[in-house]
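The block underneath contains the structure these notes are about, expressed in structure tokens.
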Amino acid sequence: MKRGWERFVSSMLMVVLVSGYGYAGVKSDSGAVPPLYKEGELIVKYRDNVSEARKMAGHSRRGSMRKKEFREFRMEQVKIRRGLSVEKAIREFEADGDVEYAEPNYVLKAINVPTDPQFYSTWGMTKINAPAAWDNTTGSTGVVVAVIDSGVDYNHPDLKANMWVNQAELNGQPGVDDDGNGAVDDIYGYNAVSNNGNPMDDNGHGTHVAGTIGGVGNNGIGVAGVNWNVRIMACKFLAANGSGYTSDAIECLQYIKTMKARGVNIVATNNSWGGGGYSKSLSDAINGQRNILFIAAAGNAASNNDTTATYPAGYNLPNVIPVAATTSSDGLASFSNYGRRTVMVGAPGASILSAYPNNRYVYMSGTSMATPHVTGLAALIKARYPTLDWRGIKNLILSGGDRPASLAAKSVTGRRINAFGSLTCVDSRVFSALKYPAAIQPGVATTLSALSINCAQPSGPVTVALSGGEVMTLRDDGVSPDLAAGDGVFTGSWIPVRTAERFYFSSPVGAETVTVGM
């Protein structure tokens, strides 16, 4: 594994400083904008069993200081000493044996494309067959989803009744951390920007997202979300301008993990944002709460995530579901990223009407708007099948959808979600090769994997027949290199002997042939 400094400089030619921000690298030949990070700060992860005294001694030696601690993940947001560049600070920290890695505090942004209201429409709910799904369930107040975004207008008439409420704080004393979770007066969630318990939305993006997930249904006003009944926990990490930092996103994840451990039934987080470079700390934080689905916008650059990764959607973690945006005619939205091996499903994301702060409703477009349709479906599935864990919920999302031609070679499943199809799934099979080498080096081990599911369940065995007649079996047992047991992704390690290969992946639910170097 590369150290944080190596990851940071592997493609860096120079650093450009702009108004307190730095660029990690320079603009590429493809026109891609390099990731921004915050000057004067790092995210640092410590090794196991490093004492508080050793951490403080390290800060004393380097002239740095802790700004925030993410105890659940053994991480800190660190202020480095004045005059020290980010790249030099990374080298200093990673020379310390107590430090696992250090990396920049990347800038992240809401992923949306605003459009002007033209006519009243909730076409997305019809397209995903939500009305038929509502005959099975309209959701449950016992199911919680967390919106990690710009906050939520918790007073909005279409959201107020569906907001998660921390009863200990609601019924406690103002200005007191009544439940002892480290946050004061966190009645509806947390604000990582201002470090307080008020996640009120001052941008609009998070409220729009929340309305799609859980706008109150059958109340005679506004819109209905995928769930008429649900509980929405707000965690604000994007400021009024729609941007935020990796450190604040991690703080939201820590808050959510803490509340989950305290018994709050958090099924999924909605993550309609992205940017920055690959962040090991953010990846670790997402992986550190494997029992919560992390549903993420694929991005709005109209690019192929298989070849140019977009984060956080691009993290290869079993609980991440990257989402593309589709149109009312079931086309891939012109702005949407895609990926045959990396983007899982599509969902409506063009001209979506939803709630907006101050009792308003507006249309917005983007993979940001597609993502909450999927998050809402995760909550709806949990309401219908309360004993299902994250694996079964994810697989019903992936297997229950329709197959528009536009997604056939643009996503792993080739499907746009269908809520009714997921809730009533019977013999719906999905098979897709996921990982294989882009170029083969004989003698160098590589990973092969494939998704093989039928409705909620994994379907094996999965085998790979090779050009030379060899046959290997992929396993879904959680033993490395497999990431999670029983999630329907079957994985194996393979040492090639040829520079060109034909892979024939197969299982009881399907087959796919992939050629490399031929």
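What the table below lists for this structure:
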read-out: Search result, residues across the stretch 246-279 that are among the hydroxyl-bearing types (Ser, Thr, Tyr) and modelled with pLDDT of 95 or more; value: Thr246, Ser247, Tyr255, Thr258, Thr269, Ser272, Ser279
read-out: Residue ID - nearest to Asn166 (Cα to Cα), chosen from residues in the stretch 242-282 that are among the charged types (D, E, K, R) and touching a Lys or Arg at 6+ places or on another chain (Cβ under 8 Å); value: Glu251
read-out: Yes/no for Leu407 being modelled with pLDDT of 95 or more, buried (at least 24 other Cβ atoms within 10 Å of the Cβ), more than 19 Å from the chain's Cα centre (by Cα) and in the same structural domain as Val209 (by TED's automatic domain parsing); value: yes
read-out: Restricting the stretch 468-499 to residues that are among the hydroxyl-bearing types (Ser, Thr, Tyr) and not in a loop (DSSP other than H, G, I, E, B), the residue that is farthest from the chain's Cα centre (by Cα); value: Thr473
read-out: Checklist (1) in contact with a helix residue (DSSP H, G or I) (Cβ under 6 Å, 6 or more places away or on another chain); (2) outside any strand (DSSP E or B); (3) more than 17 Å from Gly299 (Cβ to Cβ); (4) hydroxyl-bearing (Ser, Thr, Tyr) applied to Ser354, failing item; value: (2)
read-out: Evaluation of Phe70 against (1) closer than 28 Å to Val209 by Cβ; (2) without any contact (Cβ under 8 Å) to a residue 60 or more places away in the chain; (3) of a type outside the set (Lys, Arg); (4) not assigned by TED's automatic domain parsing to the domain that holds Ala240 (one fails), failing number; value: (2)
read-out: Qualifying residue in the stretch 123-135 (condition: surrounded by fewer than 18 Cβ atoms within 10 Å (Cβ to Cβ), more than 22 Å from the chain's Cα centre (by Cα), of a type in the set (S, T, N, Q) and assigned by TED's automatic domain parsing to the domain that holds Asn291); value: yes
read-out: Residues (assigned to a strand (DSSP E or B) and in contact with a strand residue (DSSP E or B) (Cβ under 6 Å, 6 or more places away or on another chain)) located in the stretch 47-70; value: Met65, Arg66, Lys67, Lys68, Glu69
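A quick yes/no check of all residues on (1) within 29 Å of Thr491 (Cβ to Cβ); (2) at pLDDT below 95; (3) part of a strand (DSSP E or B):
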{"position": "Asn300", "(1), (2), (3)": "no, no, no"}
{"position": "Asp306", "(1), (2), (3)": "yes, no, no"}
{"position": "Pro312", "(1), (2), (3)": "yes, no, no"}
{"position": "Tyr315", "(1), (2), (3)": "yes, no, no"}
{"position": "Pro322", "(1), (2), (3)": "yes, no, yes"}
{"position": "Arg340", "(1), (2), (3)": "yes, no, no"}
{"position": "Gly346", "(1), (2), (3)": "yes, no, yes"}
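Let's see how each residue does on (1) in contact with a Cys (Cβ under 7 Å, 6 or more places away or on another chain); (2) modelled with pLDDT of 90 or more; (3) under 22 Å from Ala309 (Cα atoms):
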residue: Trp5; (1), (2), (3): no, no, yes
residue: Gly22; (1), (2), (3): no, no, yes
residue: Gly58; (1), (2), (3): no, yes, no
residue: Ser64; (1), (2), (3): no, yes, no
residue: Phe73; (1), (2), (3): no, yes, no
residue: Glu76; (1), (2), (3): no, yes, no
residue: Glu103; (1), (2), (3): no, yes, yes
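The values are calculated or read from the model by the stated rules, or taken from the named source; none is laboratory data. Predicted, not measured: the structure shown is a model, and the values here were computed from it. Using ideal geometry, Cβ is built from the backbone for each residue, glycine included, and neighbour counts are taken over all protein chains shown.
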